[in-house]
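Okay, so here's the structure we're looking at.
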Amino acid sequence: MPILPPGINETDFSAALGQFAETVGTNWVFTSDEDVALYRDAYSPFWGSDEEKLASAAVAPESVEEVQQIVRIANRYRIPLYPISTGKNYGYGGSAPVHSGSVVVDLKRMNRVLEIDERNATCLVEPGVSYFDLYNAIQEKGAKLWIDCPDPGWGSPIGNALDHGLGYTIGHFRDHFGSHCGMEVVLPNGEVLRTGPGGVPGSKTWQQYQYAFGPQLDGIFSQSNFGIVTKMGFWLAPEPEAFREDTVAVYNHDDLIPLVDVTSYLTNSSISNGLPGLGSPLLQAIGTSWGGPDSDPEHIALLQTSDRPALERYGREKNIPYWTCNIKTYGPKEVIDAQWAHAREKFASSIPGATFTEGEKLEFPLTYEQGEEYQQGRIAGGRVDFGIPNLSIFQIISRTPWNPNPKFGHYYFSPIIPKTGEAIFEASRVFTEAHDQLGLPRPPQGITSLPALYYQRSAMLLMALQVTRNIEVDQKNRSAFKELVKIAAEHGWGEYRTPPAFQDDVMNAYSFGNNALRRFNETIKDAIDPNGIISPGKSGIWPKNMRGA
Amino acid sequence: MVRRIAGISVSLSLLVMGQALAQDIERGREVFQYWCAPCHDDGEARPGTVALQILYSGEKPALLEERTDLLPEYTKTIVRTGISIMPFYRKTEISDADLDALAAYLAP
């Protein structure tokens, strides 16, 4: 028998489950140990410990009306609910609730692609639709449209956008919440609200205009527990004509500063509209595209010292750049050539000694073989650059020649830092020292990781901690993670997203004005969800009756 | 006469069973393509295939579809419990009926 929701007696719980079954059918209410165990987070940092967050049951509706009815029943019996879309948010939480004992509302059966509008490049989907599903629906329709997908293609466009997920293609499409247009939300009282023009009955522009009349509410339904999102519109990209990826290489440590500045200029001017990728062949940092580890003993010895001039000299002699940046551009064939020529000139005039490698130009649509070929040479990236969903990213943690004894998953510490070379240097120093102090493994070369530049005006560090399923080690890693959150906050950096295990810590780091942000969220929560039934604790927002528990 | 009718009846039953099995296996192939192939298809960028190449060092095929030792109960257990970094699948993703079909498809 799975656990009960805290404070709920067996009689009420049983009555609620019975009414859930009347709503969705007995086949779609899961109560047995083995069925409820499928709602554990496979990458839980608590796995197997007393603190692991577990569901009490799960219910899987097929329609918005069923979701409404589930919410009404939950209010009647004060049952905490935890909605999931596809439940694949591994690394930031799977299908397990934040508050143990919640009933998971599994929206996977709501898996309809409701609309694909090729003329205006929009779509409308339900939460159970995966990126694979949306991609397949577009292919079946023959529409010349691209989705923008994150690394794992089995996730939900709605779930990913609501958790501020990111992708790899063109400019603003990479920001999945930023490129949504219109939401349908079941509120905690069971009513249905539509945002944007969807507020007008029979709206003809729900997926075409992002604002409504009055306050723009969409944001309060992301990373929150203010409702259950049952539909969401997204803007898609018209398939571009061509793509090119070129690399700029620089050879001095401090060249990173103008390298990032010029990259920002190109991004902010839409001269380069793809995702720039920083690397450091000389430091062999994460993100390098310059090949595998160097076994030259002189190089290895230099990496152990703090003799930067000697390392720079070695790099110049061996033609190993200190930093690289991949510049990706999508658009008409002739136009992207001109854009790259301009980008190259900007780098050359700003960074003496910069060198350039011009990559292959691809034209779309790609053949399947081209997509495969492009993917084979990479661990991350590859087909996601072209909005083609896949699961290749799991090679960063699965059994591979360079990781013959994999663990059981990972989760990310991911602070947002300023998009400048100076900030990257500072964050590298701070987190390298922190990793040493906390006993966490890190690359030994002096840079913890290079940031990802998904967002156009900020940078994001991604530091993975392993799920070992060793209770002691996982506990130590959780403590270390909490310290990293504090250290980041001391330097003015907050995380963009975090697993349930750390959502209180991250929300507490956003403490400006005596935690005004958290307190305002709590005010909204108490007003719209007085029984505290929707995802208690999500993003550190607890209902009144559970605060301080 | 009775025996003859019974014989026809048995033949029809076998035919129906055969068709049902073929349908199951076709459904199993579809389930494999949708849920398993992104990791277990042929190719260097398939994490499951690469992992099994290393794990088995050629003693067994790395491709699940080429294996001849995947007993249905084993397939069903792995799908519902996960292994290594592969998570388990909920019944809203792979139903029990689809799991039976997948197990039949991969069975020797």
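Listed here are the residues, each with its yes/no results for (1) open to solvent by less than 20 Å² (accessible area, probe 1.4 Å); (2) over 30 Å from A:S179 (Cα atoms).
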{"residue": "A:W402", "(1), (2)": "no, yes"}
{"residue": "A:I416", "(1), (2)": "no, no"}
{"residue": "A:T420", "(1), (2)": "no, no"}
{"residue": "A:F431", "(1), (2)": "yes, yes"}
{"residue": "A:R457", "(1), (2)": "no, no"}
{"residue": "A:M460", "(1), (2)": "yes, no"}
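Filtering A:D261, A:D294, A:D254, A:D218 for residues that are modelled with pLDDT under 95 and more than 29 Å from A:P365 (Cα to Cα) leaves a single hit, A:D294. Within segment A:104-112, is there a residue that is surrounded by fewer than 24 Cβ atoms within 10 Å (Cβ to Cβ), closer than 21 Å to A:H176 by Cβ and more than 14 Å from every other protein chain (Cβ to nearest Cβ)? Yes - at least one qualifying residue is present in segment A:104-112.
Within segment B:79-108, the residues that satisfy the criterion of being surrounded by fewer than 19 Cβ atoms within 10 Å (Cβ to Cβ), more than 8 Å from chain A (Cβ to nearest Cβ) and in a loop (DSSP other than H, G, I, E, B) are B:S95, B:A107, B:P108. Here B:T75 meets each of (1) within 14 Å of another protein chain (Cβ to nearest Cβ); (2) within 17 Å of the chain's Cα centre (by Cα); (3) of a type in the set (V, I, T) with one exception, condition (1).
Remark: pairs (first residue in segment A:267-282, open to solvent by 10 Å² or more (accessible area, probe 1.4 Å); second residue among the acidic types (D, E) and part of a loop (DSSP other than H, G, I, E, B); Cβ separation under 7 Å; 6+ apart in sequence or on different chains) are absent. If I filter segment A:170-186 for residues that are at pLDDT below 95, open to solvent by less than 30 Å² (accessible area, probe 1.4 Å) and either in a helix (DSSP H, G or I) or on the phi < 0 side of the Ramachandran plot (or both), do I get at least one hit? Yes: one or more hits.
Summed over segment B:65-78, residues that are open to solvent by 40 Å² or more (accessible area, probe 1.4 Å) and in a loop (DSSP other than H, G, I, E, B) total 3.
Being within 11 Å of chain B (Cβ to nearest Cβ), open to solvent by 30 Å² or more (accessible area, probe 1.4 Å) and either without any contact (Cβ under 8 Å) to a residue 40 or more places away in the chain or not in a loop (DSSP other than H, G, I, E, B) (or both) is the filter here; which residues of segment A:20-42 pass it? Within segment A:20-42, A:N27, A:W28, A:S32, A:E34, A:A37 meet the criteria. Of all the residues that make up segment A:218-240, how many are in contact with a Gly (Cβ under 9 Å, 6 or more places away or on another chain), in a loop (DSSP other than H, G, I, E, B) and among the hydrophobic types (A, V, I, L, M, F, W, C)? Of the residues in segment A:218-240, 1 are in contact with a Gly (Cβ under 9 Å, 6 or more places away or on another chain), in a loop (DSSP other than H, G, I, E, B) and among the hydrophobic types (A, V, I, L, M, F, W, C). Scanning segment A:473-518 for residues that are open to solvent by 50 Å² or more (accessible area, probe 1.4 Å), touching a residue at least 24 places away in the same chain (Cβ under 8 Å) and acidic (D, E) yields a total of 2. Being closer than 30 Å to A:F30 by Cα, open to solvent by 20 Å² or more (accessible area, probe 1.4 Å) and either more than 14 Å from chain B (Cβ to nearest Cβ) or assigned to a loop (DSSP other than H, G, I, E, B) (or both) is a property that A:L124 lacks. Look at segment A:206-228: where a residue is over 28 Å from A:N531 (Cα atoms) and a partner is in a loop (DSSP other than H, G, I, E, B), sitting 6+ places away or on another chain with Cβ atoms under 8 Å, you get A:Q207/A:N120; A:Q208/A:N120; A:Q210/A:Q216; A:A212/A:T195.
There is at least one residue in segment A:72-94 that is under 23 Å from A:L162 (Cα atoms), among the hydroxyl-bearing types (S, T, Y) and surrounded by fewer than 24 Cβ atoms within 10 Å (Cβ to Cβ). Looking across segment A:46-78, the residues that are part of a loop (DSSP other than H, G, I, E, B) and under 30 Å from A:T468 (Cα atoms) come down to A:F46, A:W47, A:G48, A:S49, A:D50, A:E51, A:E52, A:K53, A:L54, A:A55, A:S56.
Output the residue which, of all residues in segment B:45-64 that are among the small types (G, A, S) and buried (at least 20 other Cβ atoms within 10 Å of the Cβ), is farthest from the other protein chains (Cβ to nearest Cβ).
Pass one, segment B:45-64, residues among the small types (G, A, S): B:45, B:48, B:51, B:57-58, B:62.
Now drop any that are not buried (at least 20 other Cβ atoms within 10 Å of the Cβ), which leaves B:45, B:48, B:51, B:62.
Working: B:A45: 4, B:G48: 7, B:A51: 4, B:A62: 11 Å.
Filtering segment B:45-64 for residues that are among the small types (G, A, S) and buried (at least 20 other Cβ atoms within 10 Å of the Cβ), the one farthest from the other protein chains (Cβ to nearest Cβ) comes out as B:A62.
Looking at A:A501, A:A527 in this structure, which one is under 20 Å from A:S49 (Cα atoms) and modelled with pLDDT of 95 or more?
Details: A:A527 fails: under 20 Å from A:S49 (Cα atoms).
Among A:A501, A:A527, only A:A501 is under 20 Å from A:S49 (Cα atoms) and modelled with pLDDT of 95 or more.
The set of residues in segment B:70-108 being of a type in the set (A, V, I, L, M) and under 27 Å from A:S44 (Cα atoms) consists of B:I78, B:V79, B:I83, B:I85, B:M86, B:I94, B:L99.
On the given criteria, is A:R78 at pLDDT 95 or above, at positive phi, more than 26 Å from the chain's Cα centre (by Cα) and more than 14 Å from chain B (Cβ to nearest Cβ)? When the stated conditions are applied, A:R78 passes them. Note on segment A:340-371: residues that are touching a residue at least 12 places away in the same chain (Cβ under 8 Å), surrounded by 14 or more Cβ atoms within 10 Å (Cβ to Cβ) and closer than 19 Å to A:Y168 by Cα total 7.
The values are calculated or read from the model by the stated rules, or taken from the named source; none is laboratory data. Everything numeric in this text was worked out from a predicted model, so none of it was measured. Here Cβ is always computed from backbone atoms with ideal geometry, including for glycine, and neighbour counts include all displayed protein chains. We work out accessible area using only protein heavy atoms, side chains counted, and drop any ligands, DNA or RNA first. Shrake-Rupley method; radii C 1.70, N 1.55, O 1.52, S 1.80 Å.
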